[in-house]
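Right, one structure below, let's go through it.
The values are calculated or read from the model by the stated rules, or taken from the named source; none is laboratory data. Please read these numbers as outputs of a predicted model, since none were measured by experiment. Virtual Cβ from ideal backbone geometry, glycine too; neighbours counted across all protein chains shown.
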Amino acid sequence: MSTTHRTALVTGATAGIGRAVALALAEDGIEVIAQGRDRERGAQLVKEIGALGGRARFETADLSDAAEVSALAATAGPVDVLVNNAGVYELTSTPDTSAASFDRHFAVNTRAPFLLVGALGPGMAERGHGAIVNITSSGATSPAPIGTAYSASKAALELLTRSWATEFGPRGVRVTGVSPGPVRSAGTTAMLGENVEALGRVNLRQRIGEPEEIAAVVRFLLSDAASYINGTIVLANGGEPSALAA
Ligand SMILES: NC(=O)c1ccc[n+]([C@@H]2O[C@H](COP(=O)([O-])OP(=O)(O)OC[C@H]3O[C@@H](n4cnc5c(N)ncnc54)[C@H](OP(=O)(O)O)[C@@H]3O)[C@@H](O)[C@H]2O)c1
């Protein structure tokens with residue numbers, strides 16, 4: 001747990017990894033501002049956190065819209081923690097990826113975190129403490145023939161993670177990332193149905209990950225136990241042979 005973090009903005013908290021992160025942080029006594037678009041799932045999460053004795057509120061915003069991202073930052077107000085988790089992945093080949101799809105990946109996966117850090121990072125730096133965790137993807141470092149726009153948007157987020165560590169790190173803000181391999185979530189299940197299990201067969205754990213396993217890493221990175229970790233991307237992918245060779 002952290003002795004300084006009181007409030008956290010978690011994007012994409014209505015499903016999958018973001019939902020698990022919101023629950024984990026609330027359990028650590030952090031007030032969670034949960035972002036998403038689905039009001040019903042947002043309200044359900046807030047209710048669930050309340051029932052567990054935690055504190056949360058839901059803010060809706062479409063992160064593909066820059067104005068809505070800025071409005072979210074203003075509504076969230078000063079926060080100690082920012083978890084940039086919301087993401088889109090439309091896993092098409094390059095010729096099959098439209099300009100709109102390319103732009104959507106960069107708007108949600110890269111520009112929204114950029115604008116949120118630009119709006120909320122300076123306050124953390126002024127207060128002399130804060131932490132930002134970006135959820136990237138194994139796609140950022142493992143080239144694949146499909147999902148190239150997605151991978152590029154996440155590779156950009158990884159570079160931003162390291163850049164922000166240099167920009168805000170000297171003023172007490174730790175900026176880190178978690179790079180998940182395949183994880184069971186609303187998004188992957190909607191995309192692959194029962195075949196979602198097959199995604200995990202190539203890693204050394206030989207199974208797909210669960211959202212809680214990613215949330216546990218985020219929780220650690222936000223805790224005092226991670227006080228000397230900055231600018232690092234933690235791989236949480238069950239052990240990918242290609243990543244081990246790098
Ligand atoms: N699952 C995996 O295998 C995997 C692997 C590597 C990396 N990741 C990364 O981990 C993160 C979470 O993935 P997930 O699979 O847990 O997610 P998911 O189940 O697909 O849920 C996506 C979340 O992002 C929100 N979101 C999507 N587009 C949005 C938009 N335009 N504006 C606002 N919110 C938006 C959704 O909110 P609403 O539903 O409320 O609209 C939802 O809360 C993503 O960044 C993803 O790229 C996932």
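Taking segment 130-246 as the region of interest, the helices (runs of 4 or more DSSP H) fully inside it that hold 2 or more residues being closer than 27 Å to residue 5 by Cβ, modelled with pLDDT of 95 or more and of a type in the set (Lys, Arg) are 148-168.
The sole residue among 112, 155 that is surrounded by 15 or more Cβ atoms within 10 Å (Cβ to Cβ), without any contact (Cβ under 8 Å) to a residue 24 or more places away in the chain and not polar (S, T, N, Q) is 155.
Within segment 99-129, the only residue that satisfies the criterion of being within 13 Å of residue 152 (Cβ to Cβ) and in contact with a Lys or Arg (Cβ under 7 Å, 6 or more places away or on another chain) is 109. Residues of segment 48-72 being crowded, with 21+ Cβ neighbours inside 10 Å and farther than 24 Å from residue 226 by Cβ, which ones? Within segment 48-72, 58, 61, 63, 69, 72 qualify. Tell me yes or no: at least one residue of segment 89-107 is in contact (Cβ under 8 Å) with a residue 12 or more places away in the chain, under 23 Å from residue 8 (Cβ atoms) and crowded, with 22+ Cβ neighbours inside 10 Å. Within segment 89-107 (the criterion being in contact (Cβ under 8 Å) with a residue 12 or more places away in the chain, under 23 Å from residue 8 (Cβ atoms) and crowded, with 22+ Cβ neighbours inside 10 Å), the answer is no, since none of the residues qualifies.
Might you check whether a residue that is on the phi > 0 side of the Ramachandran plot and either in contact (Cβ under 8 Å) with a residue 40 or more places away in the chain or more than 13 Å from the ligand (Cβ to nearest atom) (or both) occurs anywhere in segment 9-23? Can you show your working first?
The first filter runs over segment 9-23 and keeps only residues on the phi > 0 side of the Ramachandran plot, leaving 12, 16.
From what's left, either in contact (Cβ under 8 Å) with a residue 40 or more places away in the chain or more than 13 Å from the ligand (Cβ to nearest atom) (or both): 12, 16.
Yes: segment 9-23 contains one or more residues that are on the phi > 0 side of the Ramachandran plot and either in contact (Cβ under 8 Å) with a residue 40 or more places away in the chain or more than 13 Å from the ligand (Cβ to nearest atom) (or both).
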